[in-house]
Amino acid sequence: GDTTLIAFPGHTNTIPQRILPDGTILGCRHDNDTMGSMRGVAFDRSGPREIAAFASMNNGATPDRRRIVGLWTNGTRGEGYTIDDGVFTSFIVPGSDFTAAWDVNPLVGIWTLLPGFVGRSRTWWLAALVIQFWHHIEHALLQGQVIAGRTLFGSPVPTSIVQLWFPRLELHLFYNSVVFVPMMVAMYYHLFPSAPDAARRRCSCALRTHAATT
């Protein structure tokens with residue numbers, strides 16, 4: 001239950017945006033302005049590091065961290081980027097004014113890492129998997145309406161099911177939160193397993209075990 005301050009050395013503000021299964025934290029750091037000093041950052045066991053791209057933010061990565069994705073400002077236009085084995089590549093969606101990469105298909109990563117979780121941590125990880133799977137169904141509905149040129153539920157614009165109750169911006173934040181929270185809980189129980197769960201674990205990354213609980 002320890003609390004750890006996440007702060008990039010020499011700068012005023014740090015925003016943690018994503019935590020990876022190995023504990024790496026992605027996000028950005030700022031000083032006293034909004035964008036001019038914003039740089040994408042990562043915190044791992046070797047310490048903090050940042051990228052040089054202007055007004056950038058690291059938003060997601062593959063579990064092995066060989067690919068990191070995010071957003072940055074190129075002149076007057078917002079663009080997405082990938083960093084593949086250290087090589088920075090900017091991209092935009094054709095015809096768009098703003099492009100951002102928010103993650104690397106988390107559904108695949110959640111499914112791939114599922115066998116490593118046991119007991120209570122597996123229950124929470126499965127919850128994140130189910131929610132993320134439904135999230136993809138919602139995206140498929142939106143994409144299908146665009147491709148077919150027809151909308152659902154009498155809406156003038158492509159609409160997902162949960163969007164009937166939540167506006168689009170709030171829905172995006174809602175899904176990010178309800179997937180992220182059970183992943184965090186699962187990681188806690190994975191790193192600090194109960195004695196029965198510790199006896200069944202398939203890895204050695206637990207930091208310590210709790211007393212046995214029912």
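Key figures
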| read-out | value |
| --- | --- |
| Three-way shape label, the range 2-64, alpha-carbon gyration tensor, a/c 1.5 | oblate |
| Within a Gaussian network of the chain (alpha carbon springs, distance under 10 Å), most fluctuating of V181, V118, V162 | V162 |
| Whole-number percent relative contact order across the chain, with pairs defined as alpha carbons under 8 Å at least 6 apart | 11 |
| Cβ-based charge dipole, the chain, positive-most Cα from A186, H139, Y175 | A186 |
| Antiparallel bridge percentage (DSSP; both residues within the range 61-214; nearest 5) | 95 |
| Share of Cα-Cα pairs in the range 1-153 lying beyond 27 Å, as whole percent | 34 |
| Mean residue ellipticity (222 nm) of the chain, computed from DSSP H runs ≥ 4 via -39,500 (n - 2.57), nearest 500 | -10500 deg cm²/dmol |
| Choice from I131, I92, I147 with maximal GNM fluctuation in the chain (Cα, 10 Å cutoff) | I147 |
| For the chain, built as a Gaussian network whose Cα springs stay under 10 Å, the top-fluctuating residue of G60, G40, G119 | G119 |
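All of the numbers you see were taken from the coordinates with simple rules; none came from a lab. A quick note: this is a predicted structure, and the numbers were derived from the prediction, not measured. Note: ideal-geometry Cβ built from the backbone for every residue, glycine included; neighbour counts use all protein chains shown.
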